[in-house]
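To keep things clear, I will list the structure first and then write my remarks on it.
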Amino acid sequence: MNDAIALEPLPPELILQPLAWLSAEHQRCRRVCGLISQIAVSRQVLHDEMVQVLAFLRSDLPLHLADEDEGLFPVLRLRCDPEDELGRVIKALAAGHGRDVAAIAEIARLLDEAVRLKRPIADPAAQSLLQDFAVRLCDQMALENAVVLPIARRRLDQDDLAHLSQTMARRRGIDG
């Protein structure tokens, strides 16, 4: 499968550059969104893709959401100037993350069942759930790449970045 390489874990040393790590995770998320969309419309069992998406949803995505909700967003709230107008964006992204957490459990259940039964996702409501999730997650990644990360690069200092890197590494059990 061509996308398998894109879903390999990020190099652990990249965590020393937390904004680059988050950007690379956004790329991985976009790949996963593509896989989710493929799974949703396929009439064939895309077993390997389903297994990769399940692994990502259960491990990588929750860590990424925590990196932002518990690390990046709080420090940005402290460092941003009012003219950055980032408060509304962060609030909307955090709300989206809350919806994502709820959707992840249901999507994982659907994918588990499809893998176990060796069947494609055939129910229109389930297909719609997967498609909607993929679109919403891609939209969030685009907003974060276009707005949040550029402002973070301007506003966060070396101490902020070092702390963010340490908490992200700790969350993953990476020595750093």
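Results, tabulated for the structure shown:
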quantity: Cross-chain or 6+ apart pairs with Cβ under 8 Å, segment 93-106 first and within 17 Å of R77 (Cβ to Cβ), then assigned to a helix (DSSP H, G or I) and open to solvent by 20 Å² or more (accessible area, probe 1.4 Å); calculated: L93/L143; A94/D69; G96/R136; H97/D69
quantity: Given (1) touching a Leu at 6+ places or on another chain (Cβ under 7 Å); (2) at pLDDT 95 or above; (3) open to solvent by 40 Å² or more (accessible area, probe 1.4 Å), index of the condition G176 fails; calculated: (2)
quantity: Filter result (open to solvent by 40 Å² or more (accessible area, probe 1.4 Å) and of a type in the set (A, V, I, L, M, F, W, C)) within segment 8-37; calculated: L16
quantity: Number of the exception - R77 against (1) of a type in the set (K, R); (2) within 14 Å of the chain's Cα centre (by Cα); (3) surrounded by fewer than 17 Cβ atoms within 10 Å (Cβ to Cβ); calculated: (2)
quantity: Single match in R99, R119, R88 (criterion: over 17 Å from the mean Cα position of the chain (by Cα) and at pLDDT below 95); calculated: R88
quantity: Residue among L78, L65 that is in contact (Cβ under 8 Å) with a residue 24 or more places away in the chain and either acidic (D, E) or out of contact with any Ser or Thr (no Cβ under 9 Å at 6 or more places or on another chain) (or both); calculated: L65
quantity: Filtered residues of segment 141-162 (kept if out of contact with any Cys (no Cβ under 8 Å at 6 or more places or on another chain), in a helix (DSSP H, G or I) and touching a residue at least 12 places away in the same chain (Cβ under 8 Å)); calculated: L143, E144, N145, V147, V148, L149, A152, R153, D160, L161
quantity: Among the candidates A40, A4, A20, residue that is at pLDDT 95 or above and within 20 Å of A108 (Cα to Cα); calculated: A40
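The values are calculated or read from the model by the stated rules, or taken from the named source; none is laboratory data. The structure displayed is predicted, hence computed values, not measured ones. Here the Cβ is made from the backbone with ideal geometry for all residues, glycine too, and neighbour counts use every protein chain on show. Accessible surface areas use protein heavy atoms only, side chains included; no ligands, DNA or RNA. Shrake-Rupley method; radii C 1.70, N 1.55, O 1.52, S 1.80 Å.
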